[in-house]
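The values are calculated or read from the model by the stated rules, or taken from the named source; none is laboratory data. Since we're looking at a predicted model, the values are computed, not measured. Every residue, glycine among them, receives a Cβ derived from its backbone with ideal geometry; neighbour counts consider all protein chains shown. Each accessible area value is taken on the protein alone, full model and side chains, heavy atoms only, with ligands, DNA and RNA left out. Shrake-Rupley method; radii C 1.70, N 1.55, O 1.52, S 1.80 Å.
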Amino acid sequence: MFYGIAPILDTTAPNGIVGSWSPAILDNLNSGSYVFTPATLLFPCAISQSLSVNVLAEPKLKEISICLDQTTNNVLKTYVLNTGLSNSNYTFKWYLDEFHGYNDNWNLIGLSDQPFAKIYIFDRYGKLIKQISSVEEGWDGTYRGQIMPATDYWFTVEYSELSTTKVFKSHFSLLR
């Protein structure tokens with residue numbers, strides 16, 4: 001499973017106060033507390049501030065339904081994810097072409113209402129292979145002009161929902 005890169009904690013507060021964090025590195029896999037301590041020589045009146053980070057459990061797949069759209073012959077796959085929090089099931093619908101040919105470009109269909117969505121494709125080691133958008137042709141299965149092997153790849157989609165950036169992660173298989 002690919003876990004995103006932990007954000008770097010900024011050593012300058014929004015109000016311009018410079019300081020340091022303890023611990024200095026954010027752990028994106030475990031919950032914890034972080035303390036920002038101002039540089040006392042520069043800001044003798046500033047006080048330390050605490051930040052608590054709660055890392056939620058990875059959502060679990062609760063339900064999958066698959067049907068054929070009779071008008072477009074596209075397969076509609078609906079995924080319902082349960083985050084473990086009360087009343088927090090999320091439903092994702094992906095429209096995928098039923099048939100794929102040789103030398104296709106891979107992209108997600110059904111994001112036409114998300115022109116600014118960003119799609120990141122990673123190899124099995126978490127290395128970024130390609131960044132695409134929902135409005136471009138897609139990934140052609142190469143990296144720096146070299147054909148990538150037929151194997152599993154992971155992707156992350158950053159999209160907007162109610163003016164909030166959301167992230168969805170999954171994987172697919174490249175077939176040759």
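Tabulated data for the structure shown
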quantity	calculated
Estimated vicinal HN-Hα couplings, Hz - region 12-22 in sequence order (Karplus 6.51, -1.76, 1.60; Gly, Pro = x)	10, 5, x, 8, x, 6, 9, x, 9, 9, 9
Label-point gap, in nm, between N28 and T164 - each point 7 angstrom along Cα→Cβ	1.9 nm
Karplus 3J(HN,Hα) series, Hz, for region 136-143 with 6.51 cos²θ - 1.76 cosθ + 1.60 (x for Gly, Pro)	9, 4, x, 8, 8, x, 10, 9
Cβ-Cβ FRET estimate between Q131 and L42, R0 fixed at 35 Å, reported to 0.05	0.35
Segment R124-W21, length gained on full extension (0.36 nm per residue, minus Cα span)	33.9 nm
Protein-only accessible surface order, largest first, of E137, E161 at 1.4 Å	E137, E161
Distance (nanometres) between label positions extended 7 Å along Cα→Cβ at L56 and I147	4.2 nm
